[in-house]
Amino acid sequence: MLLYQDKATREAPAAQSGYSGGSLYATQPRPSPPSSTRLSPLPPEPADFYNDFASPHTNKDIKTMEKELLAKEVELSRREKELRRREEAAARAGVVIEEKNWPSFFPIIHHDINNEIPVHLQRTQYVAFASLLGPKIWFLAVIYFILGCPGAYYLWYRPLYRAMRNDSALKFGWFFLFYLVHIAFCVYATISP
């Protein structure tokens, strides 16, 4: 319907609103707001309003802060000298602070046979170290026996027994799957420390 209006009708609303959007647009005039409801403009912002690094301190505050920083610097240098004096006294007394390095994934003790034990005694020290680890290995062997034997029975031996008795392909598949896992575990337990 807008296409068939005459030119005067189409341009009249555009002339009133101050917007000439072409011949296809028919705009309605907008009422101008009353002058009493106009908002006053905002006051100008300070020059460093958006600067986060701007210092709100005065010269007096800066001088006070400088004195505090100098006092802290003196205190830190005094503490550093005291710590250095204690370290030197401990070194003169023969106290050695050992760095924890064993085990490598979670160091809890200091252990360095190669660098701290004389060469002619290292073999004896390694034998003693292996004897120390022996109880740990024996403990793991007990755990493997307690959990491994019943686990092997239920996971692969019983399915093999039932598969042989019933000639069941599903139970043979179960046996082969868990027997492979059992072999992989045995290989891991054999070669791992």
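The values are calculated or read from the model by the stated rules, or taken from the named source; none is laboratory data. Model, not experiment: these values are computed from the prediction. With ideal geometry, Cβ positions are generated from the backbone for all residues, glycine too; neighbour counts draw on all protein chains shown. Please note that ligands, DNA and RNA were not included when accessible areas were found on the heavy atoms of the full protein model with its side chains. Shrake-Rupley method; radii C 1.70, N 1.55, O 1.52, S 1.80 Å.
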In the range 112-137, anything surrounded by 10 or more Cβ atoms within 10 Å (Cβ to Cβ), more than 22 Å from residue 99 (Cβ to Cβ) and within 40 Å of the chain's Cα centre (by Cα) is listed as 130, 134, 136, 137
Flagged in the range 149-165 as in contact (Cβ under 8 Å) with a residue 24 or more places away in the chain and open to solvent by less than 70 Å² (accessible area, probe 1.4 Å), in numbering order, are 152, 156
Residue 58 vs (1) open to solvent by 100 Å² or more (accessible area, probe 1.4 Å); (2) at pLDDT below 75: all pass except (1)
Checked the range 74-94 for anything open to solvent by 90 Å² or more (accessible area, probe 1.4 Å) and not basic (Lys, Arg); matches are 74, 76, 80, 83, 87, 88
Filter the range 87-98 for residues that are within 37 Å of the chain's Cα centre (by Cα) and of a type outside the set (Val, Ile, Thr); the one that is farthest from residue 115 (Cα to Cα) is 87
For residue 98, the lone unmet condition from (1) closer than 30 Å to residue 87 by Cβ; (2) modelled with pLDDT of 85 or more; (3) open to solvent by 70 Å² or more (accessible area, probe 1.4 Å) is (2)
